[in-house]
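Below is one structure, written out as structure tokens; comments come after it.
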Amino acid sequence: MFKKWIEDIRVKTKAMDRAQKTEYIMAYYWYHILIAFVLLVIAGIVIYHIVWGSREKLFSLAIVNQQIDYERDEKLSVQFAESIGVNSKEVFTDSDYLLSYGDVELDGVKESSFEKFFLGWQAGALDAVIMPESFFKYCIEKDGEFTGIEELCQDMGLESKEDAIYKYNGQSIGIYVEKTGIAGNFIFESTDPVILVFLKNSKHLKQCREFARFVLQG
């Protein structure tokens with residue numbers, strides 16, 4: 001197609017000087033040039049997604065009902081990625097989850113965030129969540145399932161970190177964020193502790209274990 005256009009231009013502008021050729025091309029072939037440009041952009045986008053954009057996330061952390069802070073999110077991703085020796089683009093932290101639930105009503109809540117969270121969980125796109133204890137109990141009521149901390153942290157000497165472990169119905173199910181090395185990034189309320197939990201349907205158990213180690217030993 002491009003070869004045909006170029007040959008057509010060459011024949012029709014054979015007797016013209018450079019200025020006349022430029023004027024002729026811009027007058028009669030601007031639409032073809034635009035089409036060619038758009039096709040090149042599309043091709044570039046496709047190539048980018050094939051080569052770089054399809055890289056699977058090794059770990060995805062959601063942060064619920066904390067200040068939305070993309071700089072903090074990026075910092076956490078970079079620090080954890082460096083600690084396990086992977087590219088920071090393979091670790092994703094997202095605090096864009098302001099949610100109202102049960103008796104908790106927040107200002108500035110987007111309904112889409114609620115759907116984004118639970119659809120992401122259902123699809124296995126999330127591995128771990130930092131959330132208020134009240135939201136954890138809300139998820140339990142909705143049949144949410146979590147991986148026990150003892151299962152993740154078998155070799156981490158949990159006995160010496162007992163005060164950092166959150167228990168629910170006798171099971172060690174989460175980690176008090178306030179007791180971890182990342183505590184300085186968050187706001188805490190004494191009436192509703194913030195905990196880190198790991199989702200049962202996570203496809204990245206190894207990275208979940210590494211993140212638990214990262215926060216407990218950080």
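Listed by first and then second residue, the pairs linking a residue in the stretch 60-77 that is under 19 Å from Leu99 (Cα atoms) and touching a residue at least 12 places away in the same chain (Cβ under 8 Å) to a residue that is open to solvent by 30 Å² or more (accessible area, probe 1.4 Å) and in a strand (DSSP E or B), with Cβ atoms under 8 Å apart and 6 or more places separating them unless they lie on different chains, are Ser60/Phe92; Leu61/Phe92; Asn65/Val104.
Among the residues of the stretch 79-105 satisfying the criterion of being among the hydrophobic types (A, V, I, L, M, F, W, C) and in contact (Cβ under 8 Å) with a residue 12 or more places away in the chain, which is most open to solvent (accessible area, probe 1.4 Å)? Steps first, answer last, please.
Looking only at the stretch 79-105, we keep the residues that are among the hydrophobic types (A, V, I, L, M, F, W, C), and these are 80-81, 84, 86, 91-92, 98-99, 104.
Now drop any that are not in contact (Cβ under 8 Å) with a residue 12 or more places away in the chain, which leaves 80, 84, 86, 91-92, 98-99, 104.
Numbers: Phe80: 1, Ile84: 51, Val86: 42, Val91: 9, Phe92: 92, Leu98: 43, Leu99: 0, Val104: 41 Å².
Only one residue fits best here, namely Phe92.
For Phe92, the conditions (1) in contact with a Lys or Arg (Cβ under 6 Å, 6 or more places away or on another chain); (2) at pLDDT below 70 are fulfilled apart from (2). For the stretch 192-218, a residue qualifies if it is touching a helix residue (DSSP H, G or I) at 6+ places or on another chain (Cβ under 9 Å) and over 23 Å from Lys75 (Cβ atoms), and the qualifying residues are Asp192, Asn201, Leu205.
Of the residues that sit in the stretch 101-145 and are under 19 Å from the mean Cα position of the chain (by Cα) and among the acidic types (Asp, Glu), which one is modelled with the highest pLDDT? If we take residues in the stretch 101-145 being under 19 Å from the mean Cα position of the chain (by Cα) and among the acidic types (Asp, Glu), then Asp127 is modelled with the highest pLDDT. Residues being touching a helix residue (DSSP H, G or I) at 6+ places or on another chain (Cβ under 6 Å), assigned to a helix (DSSP H, G or I) and among the aliphatic types (A, V, I, L, M): count how many of those fall in the stretch 68-94. Total satisfying the criteria: 3. Residues of the stretch 72-87 that are of a type outside the set (A, V, I, L, M, F, W, C) and over 18 Å from Val129 (Cα atoms): Glu82, Ser83, Gly85, Asn87.
The values are calculated or read from the model by the stated rules, or taken from the named source; none is laboratory data. All values reported here derive from a predicted model rather than from experimental measurement. A quick note on method: Cβ atoms are made from the backbone with ideal geometry, for glycine too, and the neighbour counts reach across all protein chains shown. Please note that ligands, DNA and RNA were not included when accessible areas were found on the heavy atoms of the full protein model with its side chains. Shrake-Rupley method; radii C 1.70, N 1.55, O 1.52, S 1.80 Å.
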